[in-house]
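The values are calculated or read from the model by the stated rules, or taken from the named source; none is laboratory data. Bear in mind that the values here come from a model prediction, so they are computed numbers and not experimental data. Positions of Cβ are backbone-derived with ideal geometry, glycine not excepted, and every protein chain shown enters the neighbour counts.
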């Protein structure tokens, strides 16, 4: 990198640091262009994207079909609010319901908004359908969960930093150990309206529950007439080698939360899907969003769903994920404790003596590979689902070099 370009990168980083809130600690790189699985800095140096914007880029950067849908729709109509109907919302809702197998969908913009929507739905369903006494509804969640950053959501997080300085928090949540079916069984009672879970905990370090856990958890919910609610924001749309991660355990949720890759890596769009019985506890005025279901995002999402099927990205994720994990497990390094995951959502956990994951991520960045640490000792690998074996081999050489 020449001095002029290095200075430009430094200036851009300084601008963000000076005028932006310090709520992120990004790697010291500036990205200016991207295509497929590759991004470039101001000098034109290429890097392989192994994070996919936390799985929002399952289709890769700027997939040509998704970009065309964006441009075509932007020339016609971008926003109406839900005060009026638009010609993209209805078709998108039907196509999403067809894809997921649910009756009704409710559109929002971000994953966290969709989680908040599910929480409101679960509580209202609990009062209006299950007839839980007013103010007594309980929702069971898992330790080490990550469902977003709103005050309500961080209130039931078990990560101290996420809560520090943001209380008081919303009551009505019980926390159980992730993967411990007996602890869940003991927590659910007549006032439980829902069990909210991630099929694989991404932010916590790619934590995979024991086989059969989700199916047993669903049965407990069924016994107590509580909703089984899956947060598939990060795990959905092929990331784990299935359309949705719950399919690995054949444990269909009563309600499912989606976001990230639903927008094809181009537009923010999220949704909650459920049965009519659950969704129709909402009446006009109960919930909404100015941008939720906007025609631009709907048009983009419709094409993203088609690309997912047409290019068999879900099947590719399963195949490439297995290949990638085999390669990672073959690396000889004194620092590696475990490789785990499903599909192309992979966590490489380091031993404590490795000195944390951050320094390895920085070393890989200097070799042209972009990934991010999570929970100090885990490196998360989640490339776009379009990655090939040749590109995985390219990455494995650099990962092995960094870890040695």
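Brief remarks follow.
- Taken over the stretch 111-126, the criterion of being in contact with a helix residue (DSSP H, G or I) (Cβ under 9 Å, 6 or more places away or on another chain) and either within 24 Å of residue 296 (Cα to Cα) or surrounded by fewer than 18 Cβ atoms within 10 Å (Cβ to Cβ) (or both) is satisfied by 111, 112, 115, 116.
- Considering (1) in contact (Cβ under 8 Å) with a residue 60 or more places away in the chain; (2) closer than 23 Å to residue 34 by Cβ; (3) crowded, with 20+ Cβ neighbours inside 10 Å, the lone condition that residue 373 does not fulfil carries the number (1).
- Members of the stretch 280-332 found to be surrounded by fewer than 16 Cβ atoms within 10 Å (Cβ to Cβ), over 23 Å from the mean Cα position of the chain (by Cα) and either at pLDDT below 95 or not in a helix (DSSP H, G or I) (or both), listed by number: 280, 283, 284, 285, 286, 330, 332
- Among the candidates 198, 203, 183, the residue that is modelled with pLDDT of 95 or more and more than 14 Å from residue 248 (Cβ to Cβ) is uniquely 183.
- For the stretch 60-75, the criterion of being closer than 30 Å to residue 362 by Cβ and either free of Cβ contacts under 8 Å to residues at least 60 places away in the same chain or not in a loop (DSSP other than H, G, I, E, B) (or both) is satisfied by at least one residue.
- Under the condition of being without any contact (Cβ under 8 Å) to a residue 12 or more places away in the chain and touching a helix residue (DSSP H, G or I) at 6+ places or on another chain (Cβ under 7 Å), the residues counted in the stretch 31-59 number 0.
- Just one of the listed residues (115, 140) is in contact with a strand residue (DSSP E or B) (Cβ under 9 Å, 6 or more places away or on another chain), in a strand (DSSP E or B) and at pLDDT 95 or above, namely 140.
- When the stretch 27-74 is filtered for residues that are touching a strand residue (DSSP E or B) at 6+ places or on another chain (Cβ under 9 Å) and at pLDDT below 95, the ones remaining, listed by number, are 27, 29, 41, 44.
- Members of the stretch 171-203 found to be surrounded by fewer than 15 Cβ atoms within 10 Å (Cβ to Cβ) and either touching a strand residue (DSSP E or B) at 6+ places or on another chain (Cβ under 6 Å) or assigned to a loop (DSSP other than H, G, I, E, B) (or both), listed by number: 171, 177, 189, 190
- Qualifying residue in the stretch 79-88 (condition: surrounded by 14 or more Cβ atoms within 10 Å (Cβ to Cβ), at pLDDT 95 or above, touching a helix residue (DSSP H, G or I) at 6+ places or on another chain (Cβ under 6 Å) and within 29 Å of residue 300 (Cα to Cα)): yes
- Of the residues making up the stretch 37-53, those that are within 24 Å of the chain's Cα centre (by Cα), at positive phi and surrounded by fewer than 18 Cβ atoms within 10 Å (Cβ to Cβ) number 1.
- Top-ranked residue in the stretch 302-338 [being in contact with a strand residue (DSSP E or B) (Cβ under 7 Å, 6 or more places away or on another chain) and without any contact (Cβ under 8 Å) to a residue 12 or more places away in the chain; ranked as nearest to residue 67 (Cα to Cα)]: 329
- Yes/no for residue 272 being part of a loop (DSSP other than H, G, I, E, B), buried (at least 24 other Cβ atoms within 10 Å of the Cβ), modelled with pLDDT of 95 or more and within 14 Å of the chain's Cα centre (by Cα): no
- The stretch 204-213: number of residues that are more than 18 Å from the chain's Cα centre (by Cα) and crowded, with 19+ Cβ neighbours inside 10 Å: 1
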